[in-house]
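Notes follow the structure.
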Amino acid sequence: MELSERLLSKLQDLPEKSGVYLFRDSAGQVIYIGKARQLKNRVRQYFTGTQKSEKTQALVLQIADVDYIITLTEKDALSLEANLVKKQKPRYNILLKDDKQYPYIRIDVKQKFPAVEITRKIKNDGAKYFGPYFFGIRAAEVVEVIKSAYRVRCCPKLPQKRVCLNYHINLCLAPCEGKTSQAEYRAAVEKTIAFLSGREDGAAEILNQKMEEAVAAEDFERAIGCRDRLAMIKRLKERSIADLADNQDLDAVCLASDESGSAAAAVVIVRGGKMMGVKNYPVTGAFLQRSEAAAQFIAQYYADPNNQIPPEILLNEEFDTAALAEYLFALSGKKTHFTFPKIGVKKKLMQTAHENAQDFLTKSADKLLRERHFTVDAAERLGKILGVPYPRRIECYDISHLSGTDSVASGVVFTDGKADKKEYRRYKIQSVQGIDDYKSLAEVMGRRFAKKDESAPHAPAPPDLIVIDGGKGQLSAARAALTDTAAARFPIIALAERDEHIFTPDNPEPLILKKSDPALKLLQRVRDEAHRFALAYHHVRRKKRVHSVLEEISGVGPKKRQILLKAFPSVNEIALADTQTLAAVEGIDYKTAQAIAEFFNQKRGE
């Protein structure tokens, strides 16, 4: 591989210090971010003649420039790398995505009478969190056991106006009405915490006794409830891992890969000596070393506050984890110990993690390949067809109105061929009256690409490709609006819905792709999403306007407005209806009907 003089010069001048390096492609886009104990040696490894994986080779071929940031320690480099990856989302880094937020049980021990709550978000607020609960155990089931056995309150806040039903059916100590002392209640909370930590077995005994009492009293419904809770405790106990302490918390993290370069990660979660379950993740990225993949995965996984950092993390391959340990300490304020088990129960946990990662990789490989075909590969093909660099960020704009009223616009973003909904934008057209899509597009382009500080925290990233919903006219209007702006350098095209023709600025003839072409299908998804998003915003604006007109009528409240909008297809129909027609609507009395008719008569006379 021949390197440019600029890149060779930068490689020679790299410092022998810790830091973060950023690889850029020929378009200046950041494609990979890594951290290094010694920048000079680490970055040079990419360009030596040693054997590299296919993904790493693909990365190296695209490197046109390198930047770096020096840090005081390797731990600082790891922290900076994690933050930059999260912000920049380079295509060759691990980008951890997991929609699921599993439930935890929260007890705020700082309160006088702590409550048991279910939450899906962990905060650094001094409260105790237990979980996550999944893999066949529901958090709500655990709370029912706590109520039955320890009678700790589950209501949202104190004080209550009166004792709730839970007290009367023996499921709460009712601290809100002073039915228990603080000492008695605190003892119940401590037993609850011990139960949730795996150190307390009294719950089963209490529930057994309650079940026998219910059977003796022929209260079979209550007895069945106790039986079900006992079954849940049994399932929880069956997860206890032999040779592990009852209060031991740890995670076993394993990465698996196949010959194609695809990879997956699994995290086996053990809390209180019990296996809570396994989380699986697809892993993307190009790496010279598996340890680099593991370090990036762990840094991103535990940066999510909903993933608790345990005192011990098991790994299947040894590498220097000193920087990772410091990084996790900075996140949690508690020390984390990394171990690489070779024998015993911890080795078996690592095997469990490996089998889960391998199974997830095998079952998801075809799905990931299909997804890549319609996303990243389709984007790469689109870039080649248009003769532009890889369009990682595609922005599409559409105008929506009804006969020139309530004009709005949408701006949707697709990153690596996938909808990136947190980047979507909505625009209320301000400077255009009536039907004029061209001027509306010009306004939107001006507002989106107005000169601003691109380094600001919430500034949107620049697009690699702008797509306009429309034909030649819409494309010309959008392009003209960008002529004297920095955005004039961005590639821009239009997609006409009728024939699915692609219009480009410098070609009078449209580009016509086969209906089955993945590049065209990607553009259609982008265009259709922009249309859907614009239409949804238009409906919101129109509904607000309709409601605002009816709100002006004396005696017509929210309930009657809903009745009218259900009875008539539009506000225009309401305006044209006479008093008798309005009064015939169930829920509208004659006096209100008369007021509505007079209101619209006056409007027409103005």
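The values are calculated or read from the model by the stated rules, or taken from the named source; none is laboratory data. Predicted model, so just to flag it, every value in this text is computed and none were measured. Here Cβ is always computed from backbone atoms with ideal geometry, including for glycine, and neighbour counts include all displayed protein chains. Side chains are part of the model used for accessible areas, which takes the heavy atoms of the whole protein and leaves out ligands, DNA and RNA. Shrake-Rupley method; radii C 1.70, N 1.55, O 1.52, S 1.80 Å.
Points worth noting:
- Candidates 394, 385, 313 - the one that is within 30 Å of residue 28 (Cα to Cα), part of a strand (DSSP E or B) and open to solvent by less than 70 Å² (accessible area, probe 1.4 Å): 394
- Among the numbered conditions (1) surrounded by fewer than 19 Cβ atoms within 10 Å (Cβ to Cβ); (2) in contact (Cβ under 8 Å) with a residue 12 or more places away in the chain, the only one that residue 550 does not meet is (1).
- Being among the hydrophobic types (A, V, I, L, M, F, W, C), surrounded by fewer than 20 Cβ atoms within 10 Å (Cβ to Cβ) and within 20 Å of residue 331 (Cα to Cα) is a property that residue 84 has.
- Of 72, 61, 8, all but one fail to be open to solvent by 50 Å² or more (accessible area, probe 1.4 Å), without any contact (Cβ under 8 Å) to a residue 24 or more places away in the chain and among the aliphatic types (A, V, I, L, M); the exception is 8.
- Just one of the listed residues (585, 540) is surrounded by fewer than 16 Cβ atoms within 10 Å (Cβ to Cβ), over 25 Å from residue 376 (Cα atoms) and β-branched (Val, Ile, Thr), and it is 540.
- Within segment 201-223, the set of residues being open to solvent by 80 Å² or more (accessible area, probe 1.4 Å) and either in a helix (DSSP H, G or I) or over 20 Å from residue 188 (Cα atoms) (or both) comprises 205, 209, 212, 213, 216, 218, 220, 221, 222.
- Filtering segment 316-354 to residues that are more than 17 Å from residue 290 (Cα to Cα), open to solvent by 20 Å² or more (accessible area, probe 1.4 Å) and in contact (Cβ under 8 Å) with a residue 40 or more places away in the chain leaves 326, 330, 344, 345, 346, 352.
- Checked against (1) at pLDDT 80 or above; (2) out of contact with any helix residue (DSSP H, G or I) (no Cβ under 8 Å at 6 or more places or on another chain), residue 229 passes all but condition (2).
- Candidate set from segment 416-427 (those that are surrounded by fewer than 19 Cβ atoms within 10 Å (Cβ to Cβ) and in contact (Cβ under 8 Å) with a residue 60 or more places away in the chain); member that is farthest from residue 483 (Cα to Cα): 419
Results for (1) closer than 27 Å to residue 521 by Cα; (2) modelled with pLDDT of 90 or more; (3) open to solvent by 20 Å² or more (accessible area, probe 1.4 Å), shown as yes or no for each residue.
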{"position": "409", "(1), (2), (3)": "yes, no, no"}
{"position": "429", "(1), (2), (3)": "no, no, no"}
{"position": "434", "(1), (2), (3)": "no, no, yes"}
{"position": "453", "(1), (2), (3)": "no, no, yes"}
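- Where helices (runs of 4 or more DSSP H) fall entirely within segment 118-200, those with at least 1 residues that are open to solvent by 70 Å² or more (accessible area, probe 1.4 Å) and free of Cβ contacts under 8 Å to residues at least 24 places away in the same chain are at 165-168, 182-196.
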